[in-house]
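The block underneath contains the structure these notes are about, expressed in structure tokens.
Coordinate-derived values only; no laboratory data. Bear in mind the structure is a predicted one, so any value in this text is a computation, not a measurement. Note: ideal-geometry Cβ built from the backbone for every residue, glycine included; neighbour counts use all protein chains shown.
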Amino acid sequence: MRHRLPLLTAFGVVCLVAVPGTPAAPRAALAAARADEPRVIEVVAKRFTWEPAEIQVTVGERVRLVLRTADGLHGIELKKFKIAKEIPRGNKPVTVEFTADEAGRFPFLCSEYCGDGHDDMKGVLVVLARDATPAPAPAPSDPPAPQN
Ligand SMILES: [Cu+2]
């Protein structure tokens with residue numbers, strides 16, 4: 001009966017090898033994280049404009065605005081998405097994040113008085129409906145059915 005032990009050991013090794021490898025879960029999680037990454041848009045506030053003054057995103061998109069001032073203190077106010085944030089002097093940007101969950105044109109303005117042109121310091125966030133973006137040409141359909 002001594003010869004049985006090596007046989008059992010061999011059987012065990014085969015079983016271990018036959019167990020399927022770990023599923024690609026980490027890879028899937030990484031892909032999901034990438035899909036959640038916000039669209040990052042850099043915006044510069046300066047007397048008395050926004051650059052860019054028009055920001056375009058697509059409805060449903062997660063948006064991160066990285067805001068910087070080119071001169072003194074400004075602030076962004078985008079009521080539609082409940083955004084109000086000071087943009088302090090200096091090179092350090094401030095960020096705001098939101099989900100553009102409704103299509104339309106939404107004005108934003110400067111919330112900190114910055115001089116004579118302050119009231120003209122307006123921008124607009126354009127949230128495009130999904131079907132408003134140019135779609136790729138449709139793939140050629142199946143050949144027409146034979147006519148009888
Ligand atoms: Cu201002």
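Among the residues of segment 96-115, which ones are without any contact (Cβ under 8 Å) to a residue 40 or more places away in the chain and more than 15 Å from residue 39 (Cβ to Cβ)?
First, pick out the residues of segment 96-115 that are without any contact (Cβ under 8 Å) to a residue 40 or more places away in the chain: 96, 98-99, 104-107, 109, 111-113.
Matches in segment 96-115: 104, 105, 106, 107, 109, 111, 112, 113.
For segment 61-86, which positions are closer than 10 Å to residue 98 by Cβ and not aromatic (Phe, Trp, Tyr)?
Quick first cut of segment 61-86, residues closer than 10 Å to residue 98 by Cβ only: 61-65, 78, 80-83.
61, 62, 63, 64, 65, 78, 80, 82, 83, listed by residue number.
If you go through segment 37-52 one residue at a time, how many are part of a strand (DSSP E or B) and touching a residue at least 24 places away in the same chain (Cβ under 8 Å)?
At the first step, the residues of segment 37-52 found to be part of a strand (DSSP E or B) are 39-46, 49-51.
When the remaining residues are screened for being touching a residue at least 24 places away in the same chain (Cβ under 8 Å), the result is 39-46, 49-50.
The qualifying residues number 10.
Starting from residues that are closer than 21 Å to residue 58 by Cα and in a helix (DSSP H, G or I), keep the ones in segment 112-132 and report whichever is farthest from the ligand (Cβ to nearest atom).
First, the residues of segment 112-132 that are closer than 21 Å to residue 58 by Cα: 122-132.
Now drop any that are not in a helix (DSSP H, G or I), which leaves 130-132.
Details: 130: 33, 131: 36, 132: 31 Å.
Taking the candidates together, the pick is 131.
Limited to segment 68-111, what total is found for residues that are of a type outside the set (A, V, I, L, M, F, W, C), assigned to a strand (DSSP E or B) and within 16 Å of the ligand (Cβ to nearest atom)? Don't jump to the end; show me each part of the working.
First pass over segment 68-111, keeping only residues of a type outside the set (A, V, I, L, M, F, W, C): 68-69, 71-72, 74-75, 77, 79-80, 82, 85-86, 88-93, 95, 97, 99, 101-102, 104-105, 107, 111.
Next, from what is left, pick out any that are assigned to a strand (DSSP E or B): 68-69, 74-75, 77, 85-86, 95, 97, 99, 104-105, 107.
Retained after the next criterion (residues that are within 16 Å of the ligand (Cβ to nearest atom)): 68-69, 74-75, 77, 85-86, 107.
Here the count works out to 8.
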